[in-house]
Amino acid sequence: MNTLLALSFWIHLIGVTIWVGVSILMPVLIMPILQTLEPPARMKFMSGWTPKAAPIINIAIVLVVLSGIAQIPLKFGTWNVFGLNVLTAKLFVTLLMMANGIYVGVVLAKRIGTLAPAPGTPPSPQFLKTQKMLNMHSWVQFGLAILVLLLVGFLTA
């Protein structure tokens, strides 16, 4: 049982490193760098980045979910999920991260792509509004990621 738990932690850490890492790096590093580029170069970067990054991030999320499910009965007991405790709070914040990530990665990304201005034309107000929403939701994802890490600290202390 200890070997299974150790492997589950290892898989969980790999997935969390990727998922939370991207959630933290996106608003702190990637988006500010993109702001230094001309709009066509931003779109070129994102259209190159997204098809490569999305499958890796999605696999990481699946690894986190499956290894997390495996850990619950081994480490905490199944009934611990149903109470008001740190584990339940972590699971709730994780679900919020997943929902926000889907909104950012699917809804807002698609909207940005369809509203993107043609080269040489000014961006529409809807495009600028969607850009602001994308930035805000990236920071929300950052905050949720930091909160998850804090809750993990409490769980492992």
**Request:** Report, ordered by the first and then the second residue, all pairs with beta carbons closer than 6 Å, sequence separation of six or more or different chains, a first member in the range 33-45 that is on the phi < 0 side of the Ramachandran plot and surrounded by 12 or more Cβ atoms within 10 Å (Cβ to Cβ), and a second member that is at pLDDT 85 or above and part of a helix (DSSP H, G or I).
**Result:** ARG42/LEU34
**Prompt:** Looking at the range 82-106, which of its residues are under 21 Å from GLY48 (Cβ atoms) and of a type in the set (A, V, I, L, M, F, W, C)?
**Reply:** VAL104, VAL106
**Message:** Whether any residue in the range 90-100 is among the charged types (D, E, K, R), within 25 Å of GLY153 (Cβ to Cβ) and in a helix (DSSP H, G or I) is what I want to check.
**Reply:** yes
**Request:** Answer yes or no as to whether GLY105 is touching a residue at least 24 places away in the same chain (Cβ under 8 Å), surrounded by 16 or more Cβ atoms within 10 Å (Cβ to Cβ), closer than 22 Å to PRO123 by Cα and not hydrophobic (A, V, I, L, M, F, W, C).
**Result:** yes
**Asked** So which of GLN71, GLN126 is exposed (fewer than 14 other Cβ atoms within 10 Å of the Cβ), in contact with a Leu (Cβ under 9 Å, 6 or more places away or on another chain) and either part of a helix (DSSP H, G or I) or aromatic (Phe, Trp, Tyr) (or both)?
**Response** GLN126
**Request:** Quick one: in the range 1-43, of everything that is outside any helix (DSSP H, G or I), of a type outside the set (Val, Ile, Thr) and more than 27 Å from THR156 (Cα to Cα), which residue is nearest to the chain's Cα centre (by Cα)?
**Result:** LEU37
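The values are calculated or read from the model by the stated rules, or taken from the named source; none is laboratory data. No experiment lies behind these values; they were computed from the predicted model shown. Here Cβ is always computed from backbone atoms with ideal geometry, including for glycine, and neighbour counts include all displayed protein chains.
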